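The values are calculated or read from the model by the stated rules, or taken from the named source; none is laboratory data. This is a predicted model, so every value here is computed, not measured. Cβ coordinates were reconstructed from backbone atoms using ideal geometry, including for glycine residues, and neighbour counts include every protein chain displayed. Protein only, heavy atoms only, side chains kept; ligands, DNA and RNA dropped before computing areas. Shrake-Rupley method; radii C 1.70, N 1.55, O 1.52, S 1.80 Å.
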Amino acid sequence: MSIVLKPELDPYKVSKITLIGAVAVFNALKSIGIDSQIKWPNDIVINGKKICGILTEMSAQFDYINHIVIGIGINVHNETFPEEISHIASSLMLESNGGHFHRADIIEKTLEYFEVYYEQYLETEDLSKLVPEYNSLLVNMQKEVKVLDPKDPFEGKAMGITKSGELI
């Protein structure tokens, strides 16, 4: 699914809106009995396998935003994956031993949670109200991680996120 937003914010303040989507999807899945976690910044994982990816694109001028599109792709009823990704990708059905899910219910719950977190974001123009919850959902919290920065990849221990959404 895609969510289109037209916020009246400084374009430099919205780069981490993807994280709002991640917490919304987590809570939507929790509401239907699925236990998942977030892999910073934009993946939802179950048993170490990615079941959802979230990407955000923005169309903006120097000083204002035309629109933002948040794309959320959840693997719901996929039965198989190509061999090269089968060890890192999965679906709700596979991770719940054959469970059947109504996509409309997942979409509805995701949008309900997104609206709550997005309104909080608009109040503060940062993720400060989301940080404690987001940090509690991180799959790699207090674990060694490798950050694949294009300029300078590095390793360290994940300690949560800042109110700007950066990984500590």
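For the chain, the mean residue ellipticity at 222 nm estimated from helices alone is -8500 deg cm²/dmol, where every DSSP H run of n ≥ 4 contributes -39500 (n - 2.57) and the total is divided by all residues, rounded to the nearest 500. If you fit an axis through the alpha-carbon atoms of helix 18-31 and take the longest principal axis of the Cα set of the chain, what angle between them do you get, 0 to 90°, nearest 10? Helix 18-31 sits at roughly 40 degrees to that axis. If you take the Cα centroid of the range 83-129 and the Cα centroid of the range 25-50, the two points sit 7 Å apart. The overall shape of the range 1-121 is prolate: from the C-alpha gyration tensor, with semi-axes ordered a ≥ b ≥ c, the ratio a/c is 1.5 or greater and a/b exceeds b/c. Rolling a 1.4 angstrom probe over the protein heavy atoms with all chains in place gives the range 31-168 an accessible area of 60 Å² per residue. For the set Leu167, Leu122, solvent exposure ranked by accessible area (probe 1.4 Å, protein chains only) runs largest to smallest as Leu122, Leu167. Of the cross-linked pairs Lys6/Lys143; Lys39/Lys109; Lys6/Lys49; Lys30/Lys151; Lys13/Lys50; Lys109/Lys151, those separated by over 31 Å at the C-alpha level are Lys6/Lys143; Lys6/Lys49; Lys30/Lys151; Lys109/Lys151.
In a DSSP loop and with at most 15 other Cβ atoms within 10 Å, the GluC sites (Glu not before Pro) in the range 57-159 are Glu79, Glu83, Glu84, Glu125. What figure, in Å² to the nearest 10, do you get for the accessible area of Met58 with a 1.4 Å probe and non-protein molecules left out? Roughly 90 Å² of Met58 is accessible to a 1.4 Å probe. Taking Ala28, Ala60, Ala89 in turn, the Gaussian network model of the chain (Cα-Cα springs below 10 Å) assigns the largest fluctuation to Ala60.
Summarising the label geometry, the points placed 7 Å from Cα in the beta-carbon direction at Asn97 and Asn47 lie 1.0 nm from one another. Within the listed set Lys146, Lys49, Lys157, the Gaussian network model of the chain (springs between alpha-carbon atoms below 10 Å) gives the highest mean-square fluctuation for Lys146. Seen against the Cα atoms of the chain and their longest principal axis, helix 103-124 is set at about 30 degrees.
Relative contact order of the range 86-168: 20 percent, from C-alpha pairs under 8 Å at least 6 residues apart in sequence.
Restriction of the chymotrypsin sites (Phe, Trp or Tyr not before Pro) in the range 7-64 to DSSP coil positions whose beta-carbon has at most 12 other beta-carbons within 10 angstrom yields Phe62, Tyr64. Residue-wise HN-Hα couplings along the range 2-11, as the Karplus relation 6.51 cos²θ - 1.76 cosθ + 1.60 with θ = phi - 60° gives them from phi, are 10, 10, 10, 10, 9, x, 9, 10, 5, x Hz; Gly and Pro carry x. Using alpha carbons only, the radius of gyration of the range 119-168 set against its Kirkwood radius gives Rg/Rh = 1.05.
Along its first, second and third principal axes, ordered by size, the range 56-164 spans 46, 37, 29 Å in Cα coordinates. Mark the label point 7 Å from the Cα of Glu108 along Cα→Cβ and return the residues of the range 28-45 whose backbone N is within less than 17 Å of it. Answer for this model: 28-34.
Counting only protein heavy atoms and using a 1.4 Å probe, the accessible area of Asp63 comes to about 110 Å².
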